[in-house]
1. Taking only the stretch 64-74 into account, find how many residues are part of a helix (DSSP H, G or I) and more than 20 Å from Ala106 (Cα to Cα).
2. If you scan the stretch 28-55, which residues turn out to be within 16 Å of Ile98 (Cα to Cα) and over 12 Å from the mean Cα position of the chain (by Cα)?
3. If the Cβ limit is 8 Å and pairs must be 6+ apart or interchain, which residue in the stretch 1-18 that is under 14 Å from Val61 (Cα atoms) pairs with which residue that is at pLDDT 95 or above and of a type in the set (Phe, Trp, Tyr)?
4. If I ask for residues that are under 16 Å from Glu9 (Cβ atoms) and among the basic types (Lys, Arg), which ones from the stretch 19-63 would you list?
5. Which of the residues spanning the stretch 1-39 are β-branched (Val, Ile, Thr) and touching a Gly at 6+ places or on another chain (Cβ under 7 Å)?
6. Return the residues of the stretch 37-58 that are buried (at least 18 other Cβ atoms within 10 Å of the Cβ) and hydrophobic (A, V, I, L, M, F, W, C); say none if nothing qualifies.
7. Could you tell me whether Val61 is in contact with a strand residue (DSSP E or B) (Cβ under 7 Å, 6 or more places away or on another chain), touching a residue at least 60 places away in the same chain (Cβ under 8 Å) and of a type in the set (Val, Ile, Thr)?
8. Looking at Val77, Val61, Val81, which one is part of a strand (DSSP E or B) and within 12 Å of the chain's Cα centre (by Cα)?
Amino acid sequence: MITLSHSIEQGVDIVGFHGRLSAADAGVVSDELHRILETGDKKISIDMSDLDFVDSSGLSVLITTLKFARSDGGDLVLFNVNPRVMALLELTRLNEIIDIYDDRDAFLTVFR
């Protein structure tokens, strides 16, 4: 199960993922991310420090959210990705299409 937190910092929507992003929650998470993009400034960042697990449905959420954001002039970035999840992003080469930052300060410098 996953829970989400949402805040806005320096005009950027920051969503925290807490728990496991799997098929069971993928639809709800995708809907919430799209809602945030539609009501915000089209830029969304995901804090993945508390994300323990991602399956193929979770990766699909990231891909569809990235496409949705970029289709409207926005973007998606990830930060604080733990080593286990980073290994999956590298294996699937998503790290080549999604910008990934070490921490909040690093992406805020570039993402504003």
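1. Filtering the stretch 64-74 down to residues part of a helix (DSSP H, G or I) leaves 64-71.
Cutting the leftovers down to more than 20 Å from Ala106 (Cα to Cα) gives us 64-65, 67-71.
Result for the stretch 64-74: 7.
2. Residue satisfying the conditions is Lys42 alone.
3. Once the first residue is under 14 Å from Val61 (Cα atoms) and sits in the stretch 1-18, its partners that are at pLDDT 95 or above and of a type in the set (Phe, Trp, Tyr) give Ile2/Phe17; Leu4/Phe17.
4. Within the stretch 19-63, Lys42, Lys43 meet the criteria.
5. Going residue by residue through the stretch 1-39, those that are β-branched (Val, Ile, Thr) are 2-3, 8, 12, 14-15, 28-29, 36, 39.
Across the stretch 1-39, the qualifying residues are Ile2, Thr3.
6. Those that are buried (at least 18 other Cβ atoms within 10 Å of the Cβ) and hydrophobic (A, V, I, L, M, F, W, C): Leu37, Ile44, Ile46, Met48, Leu51, Val54.
7. Details: in contact with a strand residue (DSSP E or B) (Cβ under 7 Å, 6 or more places away or on another chain): yes; touching a residue at least 60 places away in the same chain (Cβ under 8 Å): no; of a type in the set (Val, Ile, Thr): yes.
The answer is no for Val61.
8. Details: Val61 fails: part of a strand (DSSP E or B); Val81 fails: part of a strand (DSSP E or B).
After ruling out the rest, the residue left standing is Val77.
The values are calculated or read from the model by the stated rules, or taken from the named source; none is laboratory data. Since the structure is predicted, the reported quantities are computational estimates derived from the model, not experimental observations. With ideal geometry, Cβ positions are generated from the backbone for all residues, glycine too; neighbour counts draw on all protein chains shown.
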